[in-house]
Amino acid sequence: MKRYKPTTKSRRQMTTISFGDFVTTNEPEKSLTHGFRRQMGRNHHGKVTTRHKGGGHKRLFREIDFKYDKINVPYTIKTVEYDPNRSGFIGLAQYKDGEKRYVLLPRGVKVGDILVTSETAEVKVGNRLPLRNITIGTFVYNVEVKPKGGAKMARSAGNFVEVIAKDAGYVDIKLPSTEIRKVLDTAWASIGDVSNQENRLVNLGKAGRSRWLGIRPTVRGTAMNPVDHPHGGGEGRQGRGRRRAISIYGKGTGKGQKSRTPKKYSNKFIVSRRKVGKRK
């Protein structure tokens with residue numbers, strides 16, 4: 001982590017990641033990038049569907065390969081790069097046949113390493129295999145929910161999924177949220193944990209840095225008027241006036257309240273619900 005001399009009040013607490021220790025180039029592969037319009041928390045009607053998003057610095061989109069559909073073709077990591085659209089580092093992978101793709105890098109992989117996606121691949125950091133061929137207790141990332149559906153789980157910096165059991169065509173995995181769920185053993189996963197694990201230790205230091213990232217301010221419901229939030233109103237500071245905290249839309253929120261749809265289609269795959277609160 002990089003710290004700064006306290007030239008201002010906000011600078012005193014600010015920390016950043018020492019990208020120079022990890023990143024090998026500042027110029028992305030042009031053929032794998034393009035401009036795009038960020039949704040900023042709005043749907044196709046322009047209505048806000050996720051609050052506290054908007055603004056932020058303009059970004060260049062990097063096309064990341066989450067399908068890994070080039071089987072049994074080794075590739076070499078040519079660069080380690082920063083991606084403004086995700087928290088982990090990415091790397092330029094050049095396959096043996098000459099094709100180039102961006103991949104999400106695990107911790108410990110460096111320039112020059114040779115990796116492969118194969119059912120018979122060695123169980124080493126960066127290689128990708130079906131879950132049935134991965135030993136119990138192994139940490140994996142870029143995990144598929146459905147076979148050939150592309151990596152969906154454990155893609156943020158420092159995250160990993162633990163393989164804890166195998167039975168009847170399914171593999172039990174423990175997610176970063178502490179939830180334990182079943183996945184078909186023909187789904188694929190990459191060995192290791194996502195790079196840039198120090199990302200969670202970053203202290204933004206000032207409000208402006210949040211705005212650069214596209215994060216808008218969050219206002220407490222108790223500070224609002226009754227017309228704006230169910231917790232609003234009252235003379236002076238008041239309690240919320242109800243047993244459970246709810247959001248601006250009237251849905252339960254915070255304090256470990258369950259918000260998952262009771263009859264969700266994937267409930268049958270969940271072995272143990274995630275734990276919430278400080279004891280998690």
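Yes/no matrix, rows are residues, columns are (1) exposed (fewer than 11 other Cβ atoms within 10 Å of the Cβ); (2) more than 30 Å from A187 (Cα to Cα):
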| residue | (1), (2) |
| --- | --- |
| D21 | yes, yes |
| K30 | yes, yes |
| G46 | yes, yes |
| R51 | no, yes |
| H57 | yes, yes |
| F66 | no, no |
| K70 | no, no |
| V73 | no, no |
Residue ID - farthest from E179 (Cα to Cα), chosen from residues in the range 263-280 that are modelled with pLDDT under 90 and surrounded by 11 or more Cβ atoms within 10 Å (Cβ to Cβ): V276
Residue among R244, R260, R240 that alone is without any contact (Cβ under 8 Å) to a residue 40 or more places away in the chain, surrounded by 10 or more Cβ atoms within 10 Å (Cβ to Cβ), of a type in the set (D, E, K, R) and under 25 Å from V145 (Cβ atoms): R260
Elements of type strands (runs of 3 or more DSSP E) contained in the range 156-253, each with 3 or more residues being among the charged types (D, E, K, R): 161-167
Any hit, the range 135-146, residues being more than 15 Å from D185 (Cα to Cα), assigned to a loop (DSSP other than H, G, I, E, B) and touching a residue at least 40 places away in the same chain (Cβ under 8 Å): no
Odd one out for V163 among (1) touching a residue at least 24 places away in the same chain (Cβ under 8 Å); (2) aliphatic (A, V, I, L, M); (3) buried (at least 18 other Cβ atoms within 10 Å of the Cβ); (4) out of contact with any helix residue (DSSP H, G or I) (no Cβ under 7 Å at 6 or more places or on another chain): (4)
Elements of type strands (runs of 3 or more DSSP E) in the range 1-117, at least 3 residues being touching a residue at least 24 places away in the same chain (Cβ under 8 Å) and under 19 Å from the mean Cα position of the chain (by Cα): 60-62, 100-104
Residue check for A154: among the aliphatic types (A, V, I, L, M) and under 30 Å from Y82 (Cα atoms): yes
Given (1) surrounded by 18 or more Cβ atoms within 10 Å (Cβ to Cβ); (2) of a type outside the set (G, A, S); (3) in a loop (DSSP other than H, G, I, E, B); (4) more than 21 Å from the chain's Cα centre (by Cα), index of the condition E122 fails: (1)
First in the range 189-217 and in contact (Cβ under 8 Å) with a residue 60 or more places away in the chain, second anywhere and among the small types (G, A, S) and surrounded by fewer than 17 Cβ atoms within 10 Å (Cβ to Cβ), Cβ under 6 Å, 6 or more apart: G205/S10; K206/S10; R211/G55; L213/G56; G214/G55; G214/G56; R216/G54
Scope the range 118-132; condition of a type in the set (K, R) and either free of Cβ contacts under 8 Å to residues at least 60 places away in the same chain or on the phi > 0 side of the Ramachandran plot (or both); matching residues: R132
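Table: residues versus (1) farther than 22 Å from P130 by Cα; (2) aliphatic (A, V, I, L, M); (3) within 17 Å of the chain's Cα centre (by Cα).
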| position | (1), (2), (3) |
| --- | --- |
| N142 | no, no, yes |
| A168 | no, yes, no |
| R181 | no, no, no |
| V194 | no, yes, yes |
| L213 | yes, yes, yes |
| G233 | yes, no, no |
Looking only at the range 32-44, and only at residues there that are hydrophobic (A, V, I, L, M, F, W, C) and modelled with pLDDT under 95, the one that is surrounded by the fewest Cβ atoms within 10 Å (Cβ to Cβ): F36
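The values are calculated or read from the model by the stated rules, or taken from the named source; none is laboratory data. Keep in mind the model is a prediction, meaning the values are calculated, not measured. Note that we place each Cβ from the backbone using ideal geometry, even for glycine, and neighbour counts take in every protein chain shown.
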